[in-house]
Amino acid sequence: MGRAEKVVLAYSGGVDTTVCIPYLMHEWGVKEVITLAADLGQGDDLDPIRKKALTAGASESLVADLTASFISDYAFPAIQANALYENRYPLSTALARPLIAKALVEAAEKYGADAVAHGCTGKGNDQVRFDVSIAALNPNLKVLAPAREWGMSREEAISYGENYGLEFPVKKSSPFSIDRNLLGRSIEAGPLENPWTEPPEEIYLMTTGIADTPDEPEYIEITFNEGIPSHFNGQVYSPVELVTQINEVAGRHGVGRIDMVENRLVGIKSREIYEAPALLVLIAAHRDLESLTLTADVSHYKRGIEETYSQIVYNGLWYSPLKNALDAFIQQTQKRVSGTVRIKLFKGTATIVGRKSDKALYSEELATYTSDDTFDHKAAEGFIYVWGLPTRVWSEKSRHG
Ligand code: ARG
């Protein structure tokens, strides 16, 4: 008896997930491996990847175009949550995992598989995101993670594959470990493992180095409708097109790089480089529009919700009761968050320079220092008396011992 009869494997076309195919069949007694390659706008041609899985022994090789759902159902809610893990990482990789898990579960159910599999190692967050998401969506499915158990180095994995007739073209081997989708790239390992080492310019693909960015600033406008970005420079775009456009323009001005040491769920600190131009600009613009359209108390309370939201998404709890409850709060707050934000892109910075909204709670009549002022200045005195009363009493009592 093997560990499972029929498995749907998340497939990227890389060495590890390719070696998973013969490994599952020959070491773990799996009878049939169906692969699923997800298109998340990473820009790979998926047809050769589809064929490669068949060569490696897959009985069926599926390709799922998940890009539209990735942006509308995963990225946009995260933007409404202004989600930044540890105040910096906009979750560009983390957001893809629950969606891939959903596609795996749907394929397993459709093809009558008793397990799903992925190529994650035992050190990262992605294994947690896959395993927990799959369990949430269908607790009856087994989850197999060969690379978590096989203990092979990269060279050993390659020669294992070669024993089964697989060929791995010798590419100029990169020391970096990279994950990529339409929202961004994450780059780890190699020389970056020393947190004192400056990242070499060549690792970046979505953002221009400051030395080469335009010498003139560029202004862009993003319009939101109930917290969802809908227009770029006054024109309606599909969610995927909008993100693509903003990635291009912000990246060209060198906006979107992050270099940080982050705390993984498995207890390890890791040095991570990210580039996520559109996602970072959209979160900054969205947060700014909220400052114009939300009441102070909702806005302040939401900051705490945002931090919890970012942590649980990072930690693999996209499909969970707490996440659902936070979503309900966030959705309720977004009804007023409609309007336009103007952003100046220049030499690696995205500065918000203007915002407007029909739903604005900002009142020029109340804010103005001119004679148009309608604020009742005299009312401040009584307010301050009451507001400051506890402090006054405390001070008096402290003076007299
Ligand atoms: N540390 C980031 C995260 O947990 C990036 C993970 C990149 N994943 C990968 N398989 N290379 O979201």
Requested in this report: Looking only at region 307-315, decide whether some residue is aliphatic (A, V, I, L, M), in contact (Cβ under 8 Å) with a residue 60 or more places away in the chain and buried (at least 22 other Cβ atoms within 10 Å of the Cβ).
Outcome: yes
Requested in this report: Give the residues of region 202-225 that are within 16 Å of the ligand (Cβ to nearest atom) and closer than 22 Å to S69 by Cα, sorted by residue number.
Outcome: M206
Query raised in the report: Restricting attention to region 186-201, which residues are on the phi > 0 side of the Ramachandran plot and either outside any loop (DSSP other than H, G, I, E, B) or away from the ligand (no atom under 16 Å from the Cβ) (or both)?
Result: G190
Query raised in the report: In region 259-272, what residues are of a type in the set (A, V, I, L, M, F, W, C) and either more than 10 Å from the ligand (Cβ to nearest atom) or more than 14 Å from E86 (Cα to Cα) (or both)?
Result: V261, V266, I268
Query - L166 vs. criteria within 16 Å of the ligand (Cβ to nearest atom) and either among the aliphatic types (A, V, I, L, M) or assigned to a loop (DSSP other than H, G, I, E, B) (or both) - result: no
Requested in this report: Quickly run through region 141-163 and pick out the residues that are of a type in the set (A, V, I, L, M) and in a helix (DSSP H, G or I).
Outcome: A147, A157, I158
Query raised in the report: Pick from region 169-185 the residues that are in a loop (DSSP other than H, G, I, E, B) and hydrophobic (A, V, I, L, M, F, W, C): which of them is farthest from V15 (Cα to Cα)?
Result: L183
Query raised in the report: Could you say whether any residue in region 149-164 is buried (at least 19 other Cβ atoms within 10 Å of the Cβ), under 30 Å from A276 (Cβ atoms) and not polar (S, T, N, Q)?
Result: yes
Requested in this report: Search region 106-130 for residues being more than 14 Å from the ligand (Cβ to nearest atom) and buried (at least 18 other Cβ atoms within 10 Å of the Cβ), and hand back the single one that is nearest to V15 (Cα to Cα).
Outcome: A117
Query raised in the report: In region 288-327, which residue that is among the hydrophobic types (A, V, I, L, M, F, W, C) and under 13 Å from A78 (Cα atoms) is nearest to the ligand (Cβ to nearest atom)?
Result: V313
Requested in this report: Name every residue in region 116-134 that is in contact with a Cys (Cβ under 9 Å, 6 or more places away or on another chain) and in contact (Cβ under 8 Å) with a residue 24 or more places away in the chain, in order of residue number.
Outcome: A117, H118, G119, D126, V128, R129, F130, D131
Query - Checklist (1) touching a strand residue (DSSP E or B) at 6+ places or on another chain (Cβ under 7 Å); (2) not in a loop (DSSP other than H, G, I, E, B) applied to V255, failing item - result: (2)
Query raised in the report: Across region 6-22, what is the total count of residues that are hydroxyl-bearing (S, T, Y) and in a helix (DSSP H, G or I)?
Result: 2
**Report entry** Residue that is among the aromatic types (F, W, Y), within 16 Å of the ligand (Cβ to nearest atom) and within 13 Å of the chain's Cα centre (by Cα), where the choices are F76, F70
**Finding:** F70
Report task. Residue by residue through region 352-401, note down the ones that are in a loop (DSSP other than H, G, I, E, B) and over 26 Å from R342 (Cβ atoms). Result -> S371, D373, T374, F375, D376, H377, K378, H400, G401
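All of the numbers you see were taken from the coordinates with simple rules; none came from a lab. What you see is a predicted model; the values in this text were computed from it and never measured. We place every Cβ from the backbone using ideal geometry, glycine too, and count neighbours over all the protein chains shown.
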